[in-house]
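Student: Take a look at this one; I'll ask things after.
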Amino acid sequence: MRLYTNPASPFGRKVKVLAHETGLFEHLELLDEVLTPVAPSDAVSAANPLGKIPCLVTKDGMALYDSRVICEYLDGLHGGRPMFPAEGGARWRALTLQALGDGIMDAGVATRYETFLRPEALRWPDWVQAQKLKIGRALDRLEGEAANRGDEPDIGLLTIGCALGYLDFRYAADTWRNGRPQLAAWFERLDARPSMQATRPRQV
């Protein structure tokens, strides 16, 4: 299977972390693409008309996107403990946490585009502030719930871990851990997992 991704992408990392956790990573051929909304990759666009990563091309040539779809597809290929709980409250909690983590990453990536790609004269500080406030509210919610959160990973917890890792990678100066000791302690435990260690984000 071919995975179009980028070492700096938190959504691509999410797929890779799940692949490590499920024993499927060795079945992925990683194709690192450098692209932006204004400089797309022809290879990615040929597989995903939205021109976005991650995009997985299966053995039979089917292209899957986005990270939520890819992760659920991969989760159906292994015989271990599922990363997507099958039913009940556990499923809805995991999917909601996945949505929260995806939202943090969406806001972080959008802010990166606004502050790094957009010409300085055209940047919108109020919009950037609104994205950071969104991230802050999400982190506060996670801090409030951290004491009741276990360490056994599912898609929700893995997504939150990738979101926090992206904040460390792109926004270390914002010190998200300040005032959130329980979330910081939980992330330290998750971040020590081999799947997280093997997928550290980096600029290419």
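Student: Rg to Rh ratio, segment 1-60, alpha-carbon atoms and Kirkwood radius?
Tutor: Checking Rg against Rh, the ratio lands at 0.97.
Student: Continuing with this model, one more query. Count the DSSP beta bridges whose two residues both fall in the chain, then state the antiparallel fraction as a percent rounded to the nearest 5. Can you show the working numbers first?
Tutor: Details: 6 of 10 bridges.
Taking every DSSP beta bridge with both residues in the chain, the antiparallel ones total about 60 percent.
Student: Most fluctuating residue of LEU35, LEU167, LEU190 in a GNM of the chain with Cα springs under 10 Å: which is it?
Tutor: Of LEU35, LEU167, LEU190, the most mobile in the Gaussian network model is LEU35.
Student: What's the percent breakdown of Cα-Cα distances in the chain across 5 Å bins, shortest bin first?
Tutor: Pair shares across the bins are 1, 7, 15, 19, 20, 17, 11, 6, 2, 0, 0.
Student: Normalise the Cα radius of gyration of segment 39-150 by 2.2 N^0.38 Å (N = residues in it) and let me know the number.
Tutor: With N residues counted in segment 39-150, Rg over 2.2 N^0.38 Å equals 1.34.
Student: Something else: Where is the GNM fluctuation largest for the chain (alpha-carbon springs, 10 angstrom cutoff): ALA138, ALA46, ALA121?
Tutor: Among ALA138, ALA46, ALA121, the largest mean-square fluctuation in the Gaussian network model of the chain belongs to ALA121.
Student: Note the direction-averaged projected area, equal to a quarter of the hull surface, for the Cα convex hull of segment 1-101, in nm².
Tutor: Mean projected area for segment 1-101: 6.7 nm², to one decimal.
Student: Taking the Cα atoms of segment 86-150, what is the range of coordinates along each of the three principal axes, in descending order and whole Å?
Tutor: Here the Cα extents, ordered largest to smallest, are 49, 23, 14 Å.
Student: Sticking with this structure for a sec: Multiply the residue gap between ALA147 and GLU26 by 0.36 nm, knock off their C-alpha separation, and tell me the result in nm, one decimal place.
Tutor: Numbers: separation 121, 0.36 × 121 = 43.56 nm, distance 3.44 nm.
Between ALA147 and GLU26, full extension yields 40.1 nm more.
Student: In whole Å and largest first, what semi-axes does the C-alpha gyration tensor of segment 105-204 yield when each eigenvalue is scaled by 5 and square-rooted? Mind showing how you got there, number by number?
Tutor: Values: eigenvalues 135, 53, 21 Å².
Computed over segment 105-204, the values are 26, 16, 10 Å.
Quick note: the coordinates plus some simple rules give every number you see, no bench work behind them. Being a predicted model, the structure only gives us computed values, none of them experimental.
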